[in-house]
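A short worksheet on the structure shown next.
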Amino acid sequence: RILHMPALCAVRDDQPQFKMLYERVYKRTGIKMKGYVAVQKKLLIMAYYLWRKKQKYQTDFNYPQKIIASEQAEATHDKISEEKFH
């Protein structure tokens with residue numbers, strides 16, 4: 001319950017890694033709450049890791065650019081496919 005609002009804000013404010021996790025779980029299950037719970041778990045694990053390692057949060061840490069590029073390519077491919085069939 002404590003992590004509900006942080007998870008909601010992370011998804012709403014388009015934090016890429018949290019937004020992708022939420023959308024992936026929501027698409028798979030069709031239940032929004034499961035997506036938010038997955039984000040809550042990720043936030044908790046990240047907070048614990050940062051606390052144990054005494055590190056500061058970095059928004060671009062562990063988020064390779066190739067993932068972003070592949071998502072953009074996939075979105076472009078989907079858009080082109082839709083245009084062909086309509």
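Considering (1) at pLDDT 90 or above; (2) at positive phi; (3) under 12 Å from the mean Cα position of the chain (by Cα), the lone condition that GLY30 does not fulfil carries the number (3). If you go through segment 16-50 and pick out every residue that is surrounded by fewer than 17 Cβ atoms within 10 Å (Cβ to Cβ) and of a type outside the set (A, V, I, L, M, F, W, C), you end up with 13. Here is the figure for segment 2-23: residues that are of a type outside the set (Asp, Glu), more than 15 Å from TYR57 (Cβ to Cβ) and without any contact (Cβ under 8 Å) to a residue 12 or more places away in the chain total 4.
The values are calculated or read from the model by the stated rules, or taken from the named source; none is laboratory data. Remember, predicted model here, so these are calculated numbers, not experimental data. Glycine gets a Cβ as well: all are built from the backbone with ideal geometry, and neighbour counts include every protein chain shown.
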